[in-house]
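Remarks on the structure that follows.
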Ligand SMILES: Nc1nc2c(ncn2[C@@H]2O[C@H](COP(=O)(O)OP(=O)(O)OP(=O)(O)O)[C@@H](O)[C@H]2O)c(=O)[nH]1
Ligand SMILES: [Mg+2]
């Protein structure tokens with residue numbers, strides 16, 4: 001059967017899983033048919049609220065995604081979930097586990113679950129994820145949840161496509177919260193401290209409060225919400241916060257928030273780039289500066305300034 005534009009347009013509009021599955025595979029693999037899919041959804045995108053969920057391994061992202069899906073379904077919203085695994089080329093055990101966790105939604109025609117695994121390089125993965133998100137948006141899902149494991153560069157890139165980014169932490173991950181500072185705290189619109197059934201949860205909420213930069217005048221204040229994903233506690237509040245983040249924003253605020261986020265991300269990317277330059281420089285001056293730090297002649301901040309000046313040349 002030749003699948004033409006009307007196959008996709010009608011199929012997606014009618015909620016056909018077959019059409020949706022094929023459409024996603026086509027855009028994900030950048031097949032020639034992807035062009036037909038993109039035409040079929042053109043003019044139909046831009047309506048979905050794309051929510052990014054990220055955080056360290058095992059924090060409870062998938063359990064939370066499933067619980068959130070339940071809450072959004074109660075609010076009569078159609079939900080698509082994309083599980084992205086940047087570390088695994090084939091979709092490993094984590095995604096298998098996610099399938100089991102999402103199985104309560106398997107018979108619900110208002111829920112669609114799909115995993116996207118890494119194929120080759122990172123830029124490819126975030127582009128593929130963005131295109132798949134567009135297809136789900138064009139297919140009429142109200143909510144698209146993009147879940148990705150980890151706290152590195154890959155996740156940050158994928159999270160660019162979300163309107164609302166939720167960072168999930170778990171209690172007792174003090175060190176990881178410190179590590180999260182580099183990049184991930186910047187992109188969060190909402191923080192969740194999941195596993196709030198643990199006695200360590202309060203301390204983690206406090207650690208996060210301290211790690212966050214206070215919001216400036218007129219800026220969105222990043223809420224820190226405790227949840228117990230396994231029994232659904234706090235999940236309605238999280239859904240409210242997510243909806244607020246989308247609705248409570250007039251266009252001006254939205255634009256301002258977007259540019260603040262872009263600026264924060266730029267700062268992080270610039271820092272990473274600078275570190276790379278300094279690390280990989282074969283300029284002897286860098287060795288000399290390091291030597292002067294070692295002997296106590298230069299403070300680290302001054303030394304960094306000098307190093308930056310020399311690699312910028
Ligand atoms: N006690 C408790 N356990 C939880 C809670 N939420 C999730 N878990 C458990 O924590 C484990 C990891 O949960 P997942 O939802 O797979 O976590 P994840 O962040 O998606 O993990 P990865 O995708 O592997 O990074 C599972 O055994 C869950 O049952 C919670 O609120 N309280
Ligand atoms: Mg998971």
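The values are calculated or read from the model by the stated rules, or taken from the named source; none is laboratory data. Since the structure is predicted, the reported quantities are computational estimates derived from the model, not experimental observations. Note that each Cβ is placed from the backbone with ideal geometry, even for glycine, and that neighbours are counted across all protein chains shown.
A compact table of results
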| read-out | value |
| --- | --- |
| So residue 142, is it away from ligand 1 (no atom under 16 Å from the Cβ), modelled with pLDDT of 75 or more, more than 17 Å from the chain's Cα centre (by Cα) and within 19 Å of residue 52 (Cα to Cα) | yes |
| Selection count, region 228-242, where residues are in contact (Cβ under 8 Å) with a residue 40 or more places away in the chain and assigned to a helix (DSSP H, G or I) | 6 |
| Among (1) in contact with a strand residue (DSSP E or B) (Cβ under 6 Å, 6 or more places away or on another chain); (2) assigned to a helix (DSSP H, G or I), the one test that residue 82 misses | (2) |
| Top-ranked residue in region 96-110 [being touching a helix residue (DSSP H, G or I) at 6+ places or on another chain (Cβ under 9 Å) and within 11 Å of ligand 1 (Cβ to nearest atom); ranked as modelled with the highest pLDDT] | 102 |
| Residue count, region 37-63 (criterion: assigned to a helix (DSSP H, G or I), within 13 Å of ligand 2 (Cβ to nearest atom) and in contact with a helix residue (DSSP H, G or I) (Cβ under 7 Å, 6 or more places away or on another chain)) | 2 |
| Region 64-74 - residue that is more than 11 Å from ligand 2 (Cβ to nearest atom) and more than 18 Å from residue 136 (Cβ to Cβ) and, of those, surrounded by the most Cβ atoms within 10 Å (Cβ to Cβ) | 67 |
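Conditions tested, residue by residue: (1) at pLDDT below 95; (2) more than 18 Å from residue 67 (Cα to Cα); (3) assigned by TED's automatic domain parsing to the domain that holds residue 56; (4) touching a strand residue (DSSP E or B) at 6+ places or on another chain (Cβ under 9 Å).
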{"residue": "186", "(1), (2), (3), (4)": "yes, yes, yes, no"}
{"residue": "203", "(1), (2), (3), (4)": "yes, yes, yes, no"}
{"residue": "215", "(1), (2), (3), (4)": "yes, yes, yes, no"}
{"residue": "225", "(1), (2), (3), (4)": "no, no, yes, yes"}
{"residue": "234", "(1), (2), (3), (4)": "no, no, yes, yes"}
{"residue": "245", "(1), (2), (3), (4)": "yes, yes, yes, yes"}
